[in-house]
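The values are calculated or read from the model by the stated rules, or taken from the named source; none is laboratory data. Owing to the predicted nature of the structure, the values given are computational and were not obtained by experimental measurement. Positions of Cβ are backbone-derived with ideal geometry, glycine not excepted, and every protein chain shown enters the neighbour counts.
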Amino acid sequence: MRVLLLFVLLSFNIFAQETTKSRKAAKIFRDAKRAISVKDYGAAKLYLQKALAIDDRFVEAWILLGDVNVGLGDKKSGIEAYRKSIPIAPRFSFPMYYRLATAEHSLGYYSEALQHIRKYLSFKKVSETYRKRANSLKKSCEFSIAAMKSPVTFNPESLGDNINTDADEYLPALSADGSTLIFTRSKKDQGFRNEDFYLSVYDAEDWSVAKNLGEPINTLQNEGAQCITADGKTLYFTACSRPDSYGRCDLYSSNFVGGYWTEPVNLGDRINTESWESQPAISSDGRQLFFVSNRLGGVGKKDIWVSYKNAKGNWTQAKNLGKDINTIKDDVSPFLHWDNQTLYFSSKGYLGMGGFDVFLSRLNELGQWGTVKNIGFPINSPADENSLIVAKDGRTAYFASSHFQEDREDLDLYTFELPIDRRAREVAYIQGTVTDAKSKRAIEAEIELVDLNSNRSYKSIRSDSGGDFMLCLPSEAEYALTVMKKNYLFYSENIKMNREGTILVKNYTLQPIEVGEQVRLDNIFFELNSFDLKNESAVELNKIIQFMQSNPFVVVEIGGHTDDRGSRNYNLVLSERRAQSVKRALEQRGVSSERIQTRGYGMDEPLNSNTSEKDRAENRRTELKIIAIE
């Protein structure tokens, strides 16, 4: 406000004589300018009103009153004052049209703003810098008018009294299963505003009464802008002015272990700098951390950055997302949906309704961010919209707003359904535990999902110290799932997600490496009635190689099995040739032939009765058995 009003004072000082013929009004006008110079804007407003009471055709007084009102936050009164000057002297002050259009645009008066910004652009004295800004405002007006003619469906619902209070609630974060909600609440305490985290659990009917997350995460300082991992067990958040901070605000993490949150840990200098870091967003596999920073080296003022977790579990040096996402203005509030390919964020740099609008971009098969899209009016409005997150179903959004309350202006949390073409891909999730088959103790094991269509690793995670894990993945797809740990026989499974939003509970037990232990190779595939390996088998072959390399002391048998269709001799030959095909493929990839034996079992060792197609499919299998430890 101070910069605006001082600029206006300077511009008015170029006029040697005021337009009013009243000396008294002119004197009061000069009193108003002196009041502005000492930052007494309330007194300035009173002086200007007195001057206009004497001469209501005093052009400078109307314009300066408009500036003061806008600067004080009363944009409607500012617009009214600006407009009063136009019939008196339409060409008196061309900068006024820019300020008028800006104020109108900020309140959603798009048609009026378009009219006045066009008027501003008609003046030849407009500088190139302001002409560029005015053209940007003009495009936003045109976009907004068109968007209002084609509104999207928007029916926000409050999360209820167990979440929302007369304090500000904002920045929601949701676990993948939708059961845990963590948000920031800001309220005044002894005259000071303090931000803390609160947690609520969904009990199938409603959200529980939100409770303060407590120590060691919440402190007497401010904590805010958080996200949680898919399993709800790791919290990433922003904290400011802590003793171990690299700058004013840094990113921290805390783990939920044994019913308690651990002492927060600074994420280190590969993520945090002397600048401001905030608003973290974690990917569903826990290996990509998006956040906002105003550090040097970005595209604009506040940019979205990303760091990747390497094989050792350490965060790599953060990288700017680049011009595919970031603009020369502020880009904030990233949220990567659980599908790992749809990014929602807020920006002032793309064409929108004004202020911060919410946008989305989708990652393509080449790993590039696609066209940025505005999610539409009236979700986006002339005010600021940010901090939007989306549940695993891809359509249920959560956000904070103060627009929908008649009796108060604080921020509350709401939910709504996104328009169909602005939704993310619905995901399923697999959760469970990994244990030692002998001791029954929990195991920290590597769990990897590979897309069988592309042979590309989709996700790789590690079960935690309690053996627990959660994997999010798109519905309607087929994956090879492998559970591995050194000195254990790996586990292999074929996962087909045939239904949207599937929830699978999978508890895996790993066998310590011992002679006689075996695993079914669910992701070895053959052509029908043939011993030719399908391309999709490459995933499983690579896992066998990885196992053999990690455990160079084992000798294995590859065993082939068939169902009961066809003669016994035919099935013995087919199963042996299939086992030999697997051995040859492994040898071609560098595994010594002396470590692999083969055997065809034909139909002699069925797993079940062969009475249905499902039974027969289970009997047609390839197995790996430990036959020696050298």
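For the stretch 441-458, the set of residues classified as surrounded by fewer than 17 Cβ atoms within 10 Å (Cβ to Cβ) and either touching a residue at least 60 places away in the same chain (Cβ under 8 Å) or polar (S, T, N, Q) (or both) consists of Asn453, Ser454, Asn455, Ser457, listed by residue number. Tally the residues that are more than 18 Å from Tyr491 (Cβ to Cβ), of a type in the set (A, V, I, L, M) and assigned to a helix (DSSP H, G or I), restricting the search to the stretch 512-571. Looking only at that region, the number is 1. Of the residues making up the stretch 518-537, those that are surrounded by fewer than 17 Cβ atoms within 10 Å (Cβ to Cβ) and either aliphatic (A, V, I, L, M) or farther than 18 Å from Ala617 by Cβ (or both) are Gln518, Leu528, Asp532, Asn535.
For Ile513, the stated conditions hold: it is at negative phi and over 30 Å from the mean Cα position of the chain (by Cα). For the stretch 166-187, the set of residues classified as within 17 Å of Gly214 (Cα to Cα) and either surrounded by fewer than 19 Cβ atoms within 10 Å (Cβ to Cβ) or among the basic types (Lys, Arg) (or both) consists of Thr180, Arg185, Ser186, Lys187, listed by residue number.
Among the criteria (1) surrounded by fewer than 16 Cβ atoms within 10 Å (Cβ to Cβ); (2) out of contact with any Phe, Trp or Tyr (no Cβ under 9 Å at 6 or more places or on another chain), the one Asn212 does not fulfil is (2).
Screening Leu336, Leu343 for residues that are under 21 Å from Leu449 (Cα atoms), in contact (Cβ under 8 Å) with a residue 12 or more places away in the chain and not assigned by TED's automatic domain parsing to the domain that holds Ile461 leaves exactly one candidate, Leu336. When the stretch 240-260 is filtered for residues that are surrounded by 19 or more Cβ atoms within 10 Å (Cβ to Cβ) and either in contact with a Cys (Cβ under 7 Å, 6 or more places away or on another chain) or at positive phi (or both), only Cys249 remains. The listed residues are Gly78, Gly71, Gly66, Gly108, and the only one of them that is farther than 18 Å from Lys33 by Cα, touching a Gly at 6+ places or on another chain (Cβ under 9 Å) and not assigned by TED's automatic domain parsing to the domain that holds Gly349 turns out to be Gly108.
Applying the selection to the stretch 594-625, what residues are at positive phi and part of a strand (DSSP E or B)? Scanning the stretch 594-625 gives a single hit, Gly602. Being in the same structural domain as Asp393 (by TED's automatic domain parsing) and under 19 Å from the mean Cα position of the chain (by Cα) is a description that does not apply to Lys312. When restricted to residues that are assigned to a loop (DSSP other than H, G, I, E, B) and crowded, with 20+ Cβ neighbours inside 10 Å, the stretch 468-484 contains 0. In this structure, does Ala134 turn out to be over 22 Å from Glu80 (Cα atoms), part of a helix (DSSP H, G or I) and either of a type in the set (Asp, Glu) or without any contact (Cβ under 8 Å) to a residue 40 or more places away in the chain (or both)? So Ala134 does not fit the description; no.
I'd like the full set of residues that are hydroxyl-bearing (Ser, Thr, Tyr) and modelled with pLDDT of 90 or more, limited to the stretch 505-542.
Step one: of the stretch 505-542, the residues hydroxyl-bearing (Ser, Thr, Tyr) are 508-509, 530, 537.
If the condition is that a residue be hydroxyl-bearing (Ser, Thr, Tyr) and modelled with pLDDT of 90 or more, then Tyr508, Thr509, Ser537 are the ones that fit.
With respect to Ile524, is the statement that it is in contact with a Ser or Thr (Cβ under 7 Å, 6 or more places away or on another chain) and touching a residue at least 24 places away in the same chain (Cβ under 8 Å) true? For Ile524, the condition - in contact with a Ser or Thr (Cβ under 7 Å, 6 or more places away or on another chain) and touching a residue at least 24 places away in the same chain (Cβ under 8 Å) - is met. Does Val591 satisfy being in a helix (DSSP H, G or I) and either within 44 Å of the chain's Cα centre (by Cα) or of a type in the set (A, V, I, L, M, F, W, C) (or both)? So Val591 fails the test.
Gly73 meets the conditions (1) more than 21 Å from Thr102 (Cα to Cα); (2) not in a helix (DSSP H, G or I) in every case but one. The failed one is (1).
For the stretch 109-131, the candidate set comprises residues that are out of contact with any helix residue (DSSP H, G or I) (no Cβ under 8 Å at 6 or more places or on another chain) and outside any helix (DSSP H, G or I); within that set, the residue that is surrounded by the most Cβ atoms within 10 Å (Cβ to Cβ) is Ser122. Residues in the stretch 60-108 that are free of Cβ contacts under 8 Å to residues at least 40 places away in the same chain, surrounded by fewer than 18 Cβ atoms within 10 Å (Cβ to Cβ) and under 35 Å from the mean Cα position of the chain (by Cα): Gly73, Asp74. When the stretch 382-440 is filtered for residues that are among the polar types (S, T, N, Q) and within 24 Å of Ala225 (Cβ to Cβ), the ones remaining, listed by number, are Asn386, Ser387, Thr396, Ser401, Ser402, Gln405, Thr415. Checked against the criteria, Arg584 does not count as within 43 Å of the chain's Cα centre (by Cα) and either of a type outside the set (Asp, Glu) or closer than 19 Å to Glu493 by Cα (or both). Ser454 passes all but one of (1) part of a strand (DSSP E or B); (2) modelled with pLDDT under 85; (3) not aromatic (Phe, Trp, Tyr); which number fails? Tallying (1) part of a strand (DSSP E or B); (2) modelled with pLDDT under 85; (3) not aromatic (Phe, Trp, Tyr), Ser454 fails exactly one: (1).
From the residues in the stretch 346-364 that are without any contact (Cβ under 8 Å) to a residue 40 or more places away in the chain and under 28 Å from Leu449 (Cα atoms), which one is surrounded by the most Cβ atoms within 10 Å (Cβ to Cβ)? Out of the qualifying residues, it is Ser361.
Checked against the criterion of being assigned to a strand (DSSP E or B) and surrounded by fewer than 23 Cβ atoms within 10 Å (Cβ to Cβ), the stretch 293-300 has no qualifying residue. Would you say Asp250 is out of contact with any Pro (no Cβ under 9 Å at 6 or more places or on another chain) and at pLDDT below 90? No, not satisfied.
Residue by residue, here is whether (1) outside the structural domain of Ser278 (by TED's automatic domain parsing); (2) more than 17 Å from Tyr414 (Cα to Cα) holds:
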{"position": "Ile145", "(1), (2)": "yes, yes"}
{"position": "Asn162", "(1), (2)": "no, no"}
{"position": "Leu174", "(1), (2)": "no, no"}
{"position": "Gly178", "(1), (2)": "no, no"}
{"position": "Thr184", "(1), (2)": "no, no"}
{"position": "Arg193", "(1), (2)": "no, yes"}
{"position": "Tyr198", "(1), (2)": "no, no"}
{"position": "Ala204", "(1), (2)": "no, yes"}
{"position": "Asn222", "(1), (2)": "no, yes"}
